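Take a look at the structure set out below.
The values are calculated or read from the model by the stated rules, or taken from the named source; none is laboratory data. The structure displayed is predicted, hence computed values, not measured ones. Methodologically, a virtual Cβ is constructed for each residue, glycine included, from the backbone with ideal geometry; neighbour enumeration extends over all protein chains shown.
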Amino acid sequence: MKKHLKKFHPARPPQSEPLDERQVKNSAGGYAWAIDQWALLERFLILGSEGGSYYATEHKLTRENALNVIACINADGVRAVDTIVAISNSGRAPKNETAIFALALAASADNTATRQYALSQLPKVCRTSTHLFSFLEYVKGLRGWGRSLRRAIGEWYLAQSPRQLAYQVVKYRQRNGWTHRDALRLGHPKPRNSVQDVLFKWVTQREASTLSHDERPSDDALTMIWAFEQAQRAQNVEQLVQLITDYDLPREAIPTNYLKDPRVWDALLVRMPLMAMIRNLSNMTKCGLLAPGSDATREVVKRLRNANY
């Protein structure tokens, strides 16, 4: 009798069969309750498809989800873009890359209004130069460099405060095969003030810029560029540490040959953001800064324990 019940039990059908017509077959070969395209969009934006899953390859997951993103964009472009922006800004996703990809799809939509709306939201999703360069790489394979796209790129730069822009061009000089020179030549923004003009010229015509001279400029934003140039020509560690301390230079502004010195990392650690600190724990350990019982180690532990840091 038990053998028959194993083969046929209306109350407990096997996983290989649906409970009712509302279930759909999943990647594992079993059946699960279907979710609508908008829930699937949110799931993709949060979880992404990197690495695939146990039952589906990364390629398959990315393709399936990309097609669903396009379906959502075609169904309601504004809602799709708003969903992308909301999840990108809420911190619900561990990585922003999927939201950038989805925004690039929206910026390449057939509907003109959807494209324009997606491009207007570019600064909200692409908050750093790394994000912008990722967007440019995605969109390069999806559409042409039309006027609206070029304008959006230019507006991204013009919307930055001078200090923010100086920090961006120093910290994120190159990512994903793109540089600020590439982006500025595409966007071709017209400077709205003299500081922007100097910054743009430094990026596109660095060899002709006066910011590499020894005289420090009076403007705060231009001073960061000047400090970066001074760091590239630093003659010793002491000079470099002083520049880091005085002008809050990020790690990316430091010449590679100095990144083995614990004094440099000690100066960087003072104002290093939390995520940057976590990413560089191995580097600070390798150079000898983080050692058992050291002041730097205690500072790192203190920050990691501080929920409000």
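Some notes on this structure:
- Pairs with Cβ under 7 Å, 6+ apart, first in region 174-188 and at positive phi, second surrounded by fewer than 19 Cβ atoms within 10 Å (Cβ to Cβ) and modelled with pLDDT of 95 or more: Asn176/Glu137; Gly177/Glu137; His188/Arg150; His188/Gly154
- Taken over region 232-263, the residue count meeting the criterion of being in a helix (DSSP H, G or I) and over 22 Å from Gly288 (Cα atoms) is 3.
Results for (1) within 21 Å of Leu47 (Cα to Cα); (2) surrounded by fewer than 23 Cβ atoms within 10 Å (Cβ to Cβ); (3) over 12 Å from the mean Cα position of the chain (by Cα), shown as yes or no for each residue.
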{"site": "Asn111", "(1), (2), (3)": "no, yes, yes"}
{"site": "Lys124", "(1), (2), (3)": "yes, yes, no"}
{"site": "Ser129", "(1), (2), (3)": "no, no, no"}
{"site": "Phe135", "(1), (2), (3)": "yes, no, no"}
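- Per the listing Glu207, Glu215, Glu229, the residue uniquely more than 23 Å from Ala159 (Cβ to Cβ), outside any helix (DSSP H, G or I) and not hydrophobic (A, V, I, L, M, F, W, C) is Glu215.
- Residue in region 268-289 that is buried (at least 17 other Cβ atoms within 10 Å of the Cβ) and touching a Gly at 6+ places or on another chain (Cβ under 8 Å) present: no
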